[in-house]
1. If only one of A:L132, A:L172, A:L147, A:L113 is touching a Pro at 6+ places or on another chain (Cβ under 6 Å) and either crowded, with 20+ Cβ neighbours inside 10 Å or more than 14 Å from chain B (Cβ to nearest Cβ) (or both), which one is it?
2. Suppose we filter region B:57-107 for residues that are part of a helix (DSSP H, G or I), away from chain A (no Cβ under 11 Å) and of a type in the set (D, E); how many remain?
3. Take the conditions free of Cβ contacts under 8 Å to residues at least 12 places away in the same chain and either more than 21 Å from A:L76 (Cα to Cα) or assigned to a helix (DSSP H, G or I) (or both) and apply them to A:M156. Does it pass?
4. Need the failing condition index for A:W23 against (1) in a helix (DSSP H, G or I); (2) of a type in the set (A, V, I, L, M, F, W, C); (3) within 14 Å of chain B (Cβ to nearest Cβ), just the number.
5. Please verify whether B:I130 is farther than 20 Å from A:F14 by Cβ, surrounded by 18 or more Cβ atoms within 10 Å (Cβ to Cβ), away from chain A (no Cβ under 11 Å) and at pLDDT 85 or above, treating the condition exactly as stated.
6. Determine whether region A:403-421 contains at least one residue that is part of a loop (DSSP other than H, G, I, E, B), crowded, with 24+ Cβ neighbours inside 10 Å and under 21 Å from the mean Cα position of the chain (by Cα).
7. How about region B:108-127: which of its residues are within 25 Å of A:N63 (Cα to Cα) and part of a helix (DSSP H, G or I)?
8. Step by step: first the residues of region A:26-43, then only those that are hydrophobic (A, V, I, L, M, F, W, C) and more than 26 Å from the chain's Cα centre (by Cα), then the one that is nearest to the other protein chains (Cβ to nearest Cβ). Which residue is that?
Amino acid sequence: MRLEVALPVIIPLFFGALTLILWRWRLAQRITTVIGTGLMLLSALWLLSATWQDGILVMHMGNWHAPFGIVLVSDLLGAIMVVLAGISGFATAVYSLTAMTKRHEAFGYYPLLHLLLAGVNGAFLTGDIFNLYVWFEVMLVASFALLILGGERAQMEGAIKYVTLNLVSSALFLSAIGLLYGLTGTLNMADIADKLSYADNPGIITVIAMLFLVSFGIKAGAFPFFFWLPASYHTPQVAVSALFAALLTKVGVYALFRVFTLIFTQDVDYTHEILLWVAAATMLTGVLGAAAQFEFRRILSFHIISQIGYMIMGLALFTPLAIVGGVFYIMHHIIVKANLFLVSGLVYRLKGTYELKELGGMYRSHPMLAILFLIPALSLAGIPPLSGFFAKFILIRAGVEAEAWWIVGVALLVGLLTLYSMIKIWAEVFWKAQPEEYANRPVHGSAGSGVLYLTIGGMAALTVFIGLGAEPIYQIADAAAHQLLNPSLYIDAVLGER
Amino acid sequence: MSPQFTLQSLILRTTAHFLLPLLLVFSVFLLLRGHDEPGGGFIAGLVAASAVALYMFALDIHSAKRVLRFEPRDLLGWGLLFGVISGVPAVFMGQPFFTSQWLELTLPVLGELKVGTPLLFDIGVYLVVIGGVLLILLSLAEAED
């Protein structure tokens, strides 16, 4: 019995219920949320260190044993993801202390935030494919409500696209689970993997694999199903945007990593070849889309898509080094992307707009913010010694070793275009003088922005830390990749030695 | 007093006063019966919520709220909290979360009584369902007002 496996799910559920009870007391809700997300982060770190020391940990919920009961499983990938969810959840909670207005909080922001985190952590830790679907839905229900928090017209428009596409994805996911259950008679992922390893009808397995690919591809924002993302991510409150950017698509990526390393490895030449094409197309369309945008958060949204491409590239190459690169990329990306959204929120607070052409002169007026923007921006583009450099370096090296030259070419080109986009934001927001006619608009001013600076600075410090201390991070990613490429470790941990 | 929601029926209004306690008692019966026989927190919560809803239709929203005494949202929160807490005792017994813990009591009048964490979980579900259904119903009724 390992308590730490369940804590990252139980803690947000508990604190979510608590904030619901404390509905009428705004201050109490805020304090509870900061404490709750902080405890969640601590429990996640505990889980990671326990998983690092003792290997894959399993908890049979309610003492119903696998494959019949529902298990929570923490392998290194899951534990890493939970830590990242903890970091972004905690950062969002602290950032919200200033950034959330009373009006938005009154729509139930804090309970929803906890519900979202519970769903995300549940998805990362569950070892049961139907339970994965349930956690996906928990997460989606919370995200629907968070997306329309405030109820403005643009939000509704974005939310309709988001909801529709995600419902299609959920329907496909559910059908695929049904087919898989019909084929294997089990829902436990380890058991499915075990049963499929001696199945003799590869055709239908590949069909099911493709259903999962489409379904998770929609959630991850992969080509050609990404369009819900830039349509919706720039509409909610910026703290919500940051949390979505950090976590939601990554749950899809995580699910792809899970099923395409554990379950669907029968016909790697076919399935992972498709993944590789998807990766290339995702990278390119994302970055080209960003090049055409002139709104801060829209640019960032399109960059999420192109970055998802890199992660899928790591999975698709399917060599040990490539998987390491993919996992490293996820770690780097969540921190950096959340931070860029947080910066955009602070810029909005100071200047009252997200439009690049209306912004300017921030380098002169807020040099500290300019530096704090540069760190994640350059990291995103892959400039050494920041975290993005090592993430890209590992992936490209893996591509070269696998002699997949064209994908290496695409990845390098996309890196260059990412730099172009970041320089565009830098030049427009920070460097050029602000056009006269937009200079004097009423804004919040800098009151209470200390908390925002603190959050952004903390996340930037993490980016620098991942860059300068790449070796230990690499080793964790390496061990995670080792577990992913040896599914028998996972299967034995869940089902016991047979 | 909203005209749309007051069905001006003397019969309904009179029976609602009797039906409300009966339905609530029945819902508790269903709740307690739940674990091994048909029943349980979900269906019991629906019965209790429909009792209040019937009262609302027979009289009006304000009396329904008065009868409920609690904010539906608070019921929702407490229910969720009970649900989560019901998983915790197992941990102190060195078992995984949500493993059922049972306590057998022999009481003088009632005889043998089995109490356990699943009952707490069911009470949680009961409150969540009442809270959830009535939150929706009362909000809709108020919007109509």
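1. Numbers: A:L132 fails: touching a Pro at 6+ places or on another chain (Cβ under 6 Å); A:L172 fails: touching a Pro at 6+ places or on another chain (Cβ under 6 Å); A:L113 fails: touching a Pro at 6+ places or on another chain (Cβ under 6 Å).
From the options A:L132, A:L172, A:L147, A:L113, the qualifying one is A:L147.
2. The number of residues fulfilling the criteria is 0.
3. Yes, satisfied.
4. Unmet condition: (1).
5. Values: farther than 20 Å from A:F14 by Cβ: yes; surrounded by 18 or more Cβ atoms within 10 Å (Cβ to Cβ): yes; away from chain A (no Cβ under 11 Å): yes; at pLDDT 85 or above: yes.
Against the criterion (farther than 20 Å from A:F14 by Cβ, surrounded by 18 or more Cβ atoms within 10 Å (Cβ to Cβ), away from chain A (no Cβ under 11 Å) and at pLDDT 85 or above), B:I130 qualifies.
6. Filtering region A:403-421 for residues part of a loop (DSSP other than H, G, I, E, B) gives A:403-404.
Add one more test, that the residue is crowded, with 24+ Cβ neighbours inside 10 Å, and what stays is none.
No, region A:403-421 contains no residue that is part of a loop (DSSP other than H, G, I, E, B), crowded, with 24+ Cβ neighbours inside 10 Å and under 21 Å from the mean Cα position of the chain (by Cα).
7. Just the residues of region B:108-127 that are within 25 Å of A:N63 (Cα to Cα), to begin with: B:113-126.
Correct list: B:T117, B:P118, B:L119, B:L120, B:F121, B:D122, B:I123, B:G124, B:V125, B:Y126.
8. In the first step, residues of region A:26-43 are kept if they are hydrophobic (A, V, I, L, M, F, W, C); the result is A:27-28, A:31, A:34-35, A:39-42.
Okay, now just the ones that are also more than 26 Å from the chain's Cα centre (by Cα), so A:27-28.
On the way: A:L27: 17, A:A28: 12 Å.
In this case the residue turns out to be A:A28.
The values are calculated or read from the model by the stated rules, or taken from the named source; none is laboratory data. No experiment lies behind these values; they were computed from the predicted model shown. Backbone-built Cβ (ideal geometry, glycine too); neighbour counts: all protein chains shown.
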